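Structure, as structure tokens:
Please treat every number below as a calculation from the coordinates, not as lab data. The model shown is predicted, which means the values in this text are computed figures rather than measured ones. Note that we place each Cβ from the backbone using ideal geometry, even for glycine, and neighbour counts take in every protein chain shown.
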Amino acid sequence: MNLIRIIPSAILAFSLVNGATAAIVQGDLKTWHTVAIDFEGPQSSETGTPNPFTDYRLDVKFTGPKGQKVSVPGFFAADGNAGESGAENGKIWRVQFCPDMSGKWTYEAAFVKGRMIAAQLSSGASAGYLDGESGSFQVEDSSLPPGKDFRSQGRLAYVGEHFLQFLGSKTHFLKAGANSPEVFLEYQEFDGTPSNRTYPSHIKDWQSGDHTWRNGKGKGIIGAINYLSSLNINALYFLTMNSYGDGKQAWPWIERNAILSYDCSKLDQWDIVFSHMTRKGVMPHFVLSETENEAFFEIRERGRTSGFANSRKVYYREMVARFGHHPAVTWNIGEENGWAQGDGYHTANTDEQRILFSAYLRKLLPYEDHLVIHNGPSTEDWIYIPLLGNKNYTGAAFQWNYEEDIYAKTLEWRNKSNEAGQPWVFTLDEPYVKYSKVPIDMWRKNVVWGNLMAGGAGVELYIGGGDDLRVQDYRPYEEHYRTAVRAIEFLKTHTQYYGLQPSENFVENTWSLHKANDTYVLYLPNGGSAEITLPEGKFSVQWFDPQKGGDLQFGSRKSVSGGKLVSIGNPPHSKDSDWVCLIRKQP
């Protein structure tokens with residue numbers, strides 16, 4: 001089984017009940033790790049009748065040590081080891097669960113049948129087999145030391161603030177991610193993927209002991225994750241379905257139009273990669289559609305662009321069931337959603353559909369995961385207006401031009417979400433540029449610091465000029481990645497950024513974050529100096545170099561006294577370059 005291959009597993013239960021094999025509970029059986037339960041159900045196949053993906057529905061209710069209840073969707077797993085065997089048939093039905101507390105957990109399975117029952121969230125006639133099967137298992141606290149592995153920090157959740165938080169460590173999350181290539185999953189060594197993509201330059205980054213499948217496949221894509229992680233890149237954006245999109249070679253089915261027949265071995269292999277990402281501290285950013293196929297499900301199934309196709313509902317269920325167990329994820333309804341550029345599959349979703357899709361997906365999700373949507377083109381953001389205050393959306397995966405005022409846009413939507421009563425986690429996930437390599441000064445000043453100093457939660461690097469679809473080597477963009485990482489590590493190391501407030505024009509010629517009478521962060525995009533009115537008391541003045549990083553430095557003034565308008569002095573050197581000034585209240 002895949003999970004045994006990925007996770008050192010303890011098999012907890014194996015017995016015979018009335019001649020049938022009872023459920024097998026396996027996994028590390030620790031908090032924030034994946035616990036998998038395999039049930040023996042009806043024999044079926046990827047093209048079987050009844051269809052195992054539509055005409056059966058498995059949901060498992062878990063009850064925790066304090067009576068907390070979590071309902072998790074399950075899925076048809078073929079022989080239980082399809083990622084290795086390539087199996088298309090079998091009788092294993094699996095659920096994957098991420099426990100948040102040590103102690104005794106119980107489970108009870110609901111297995112129902114009916115035409116398109118998997119598109120419904122409830123009801124259905126018993127399918128027999130494993131329906132009603134129950135059991136228990138004991139979970140221990142995670143023994144992983146604090147580090148990149150997300151399982152050492154707990155589930156990353158939306159907590160009603162502008163920054164996601166790990167529920168175990170209680171630390172917050174700032175993103176420095178990779179947006180390109182969006183066709184990351186178009187990898188030749190995944191089963192059923194007609195692609196030439198192999199990430200050849202990253203094969204050398206694969207390390208002994210890393211995951212592979214089917215006799216050593218996967219070294220290129222696993223190596224790519226290793227490389228990004230080595231730079232402290234902590235998120236990766238990719239499409240899970242691009243039928244009739246830009247790349248046209250990644251989908252979860254046995255072929256691009258077989259929207260009701262899922263490829264069990266391919267999806268197991270995807271999950272090996274996602275599990276490796278979890279261990280390396282790289283968050284999967286699941287983008288569920290793209291603008292070129294916004295209406296794909298509705299047209300394929302219903303012959304029209306309106307409504308909410310059952311096949312889309314099944315797709316959401318399969319993605320959540322198979323990949324929702326990972327402790328840090330972002331779910332994205334769609335790339336450049338609402339961008340009407342034609343007809344057919346490229347017909348834009350409507351406001352009503354965006355609301356319906358998110359409501360359904362939110363009900364499927366067992367946890368308080370981050371759920372967003374991406375806008376397009378890079379000059380329009382109107383799709384967010386009807387979504388303000390919607391409790392299903394927890395943020396925006398924002399697209400905007402590099403050359404535009406990203407600071408002002410971030411601040412605008414941050415404030416609007418506050419006013420609507422649902423603070424958004426606002427990240428710049430496609431800072432659009434027409435050329436392949438944005439000038440590093442523009443990237444650093446306008447994009448990275450523009451987002452962060454307006455109270456944004458981070459950025460992803462988009463590679464333009466048509467290279468988005470061609471990228472197989474991340475190394476040419478290393479300095480851009482390092483620039484973003486440098487910025488978020490400054491904030492994480494030297495401030496409690498999640499408690500700082502952005503204020504437009506708080507200090508002239510700067511972008512600022514502050515906590516009154518405590519901490520003040522000033523970014524001077526054009527260098528120079530500034531004057532600030534501080535409360536009574538003594539404040540230290542230190543400088544951070546956003547171009548080179550390193551330790552905090554002193555400039556011409558090491559401290560200032562408040563109670564009046566004071567000059568912060570000059571930076572340590574290169575007065576005309578951009579600098580960050582950190583001002584902190586002294587005891």
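So the values come out like this:
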| quantity | calculated |
| --- | --- |
| Mean separation of Cα contacts under 8 Å (6+ apart) over length of the chain, as relative contact order % | 11 percent |
| Using alpha-carbon coordinates, inclination of helix 219-230 to the longest axis of the chain, degrees | 30 degrees |
| Ordering of 132-142, 53-63 by burial proxy (mean other Cβ atoms within 10 Å per residue, highest first) | 53-63, 132-142 |
| Cα pair distances in the stretch 391-538, grouped into 5 Å bins until the bin that holds the longest one, percent each | 2, 9, 18, 20, 20, 14, 9, 5, 2, 1, 0, 0 |
| Values of log10 I(q)/I(0), in the order q = 0.23, 0.29 Å⁻¹, for the stretch 342-394 under a Debye, Cα-only, solvent-free model | -0.97, -1.25 |
| Pairwise centroid distance, computed over Cα atoms, of the stretch 370-415 with the stretch 179-254, Å | 28 Å |
| Mean Cβ count within 10 Å, highest first, over the residues of peptides 478-489, 528-539 | 478-489, 528-539 |
| Reachable lysines, given that their alpha-carbon falls under 23 Å from the alpha-carbon of residue 113 and they are not under 8 places away in the same chain | 61, 91, 313, 363 |
| Percentage of interatomic Cα-Cα distances in the stretch 173-309 larger than 25 Å | 28 percent |
| Cα-based equivalent ellipsoid, the stretch 501-585: semi-axes from gyration tensor eigenvalues, Å | 19, 14, 12 |
| Local net charge near residue 578, Cβ-Cβ under 15 Å (Lys/Arg +1, Asp/Glu -1) | +2 |
| DSSP-defined antiparallel bridges as percent of all bridges, the chain, nearest 5 | 70 percent |
| In Å, descending, principal axis extents of the Cα set of the stretch 307-420 | 39, 35, 24 |
| Per-peptide average of other Cβ atoms within 10 Å, ordering 220-228, 199-207, 451-459 highest first | 451-459, 220-228, 199-207 |
| Local net charge near residue 525, Cβ-Cβ under 12 Å (Lys/Arg +1, Asp/Glu -1) | -2 |
| The stretch 496-520 versus the stretch 439-478: alpha-carbon centroid distance in Å | 24 Å |
| Degrees between helix 478-494 axis and first principal axis of the chain (Cα, 0 to 90, nearest 10) | 70 degrees |
| Formal net charge of residues neighbouring residue 109 (Cβ-Cβ distance under 13 Å; K, R +1; D, E -1) | -3 |
| Directionally averaged projected area (convex hull, Cα atoms, the chain), nm² | 26.1 nm² |
| Rg/Rh (Cα only; Kirkwood hydrodynamic radius) as it applies to the stretch 2-139 | 0.95 |
| Relative counts (whole %) of C-alpha pair distances in the stretch 296-347, using bins that are 10 Å wide | 22, 44, 27, 7 |
| Size of charge dipole - the chain - debye, nearest 20, with Cβ of Lys, Arg +1 and Asp, Glu -1, no other charges | 1320 debye |
| Longest to shortest principal axis, alpha-carbon extents of the stretch 405-454, angstrom | 38, 17, 14 |
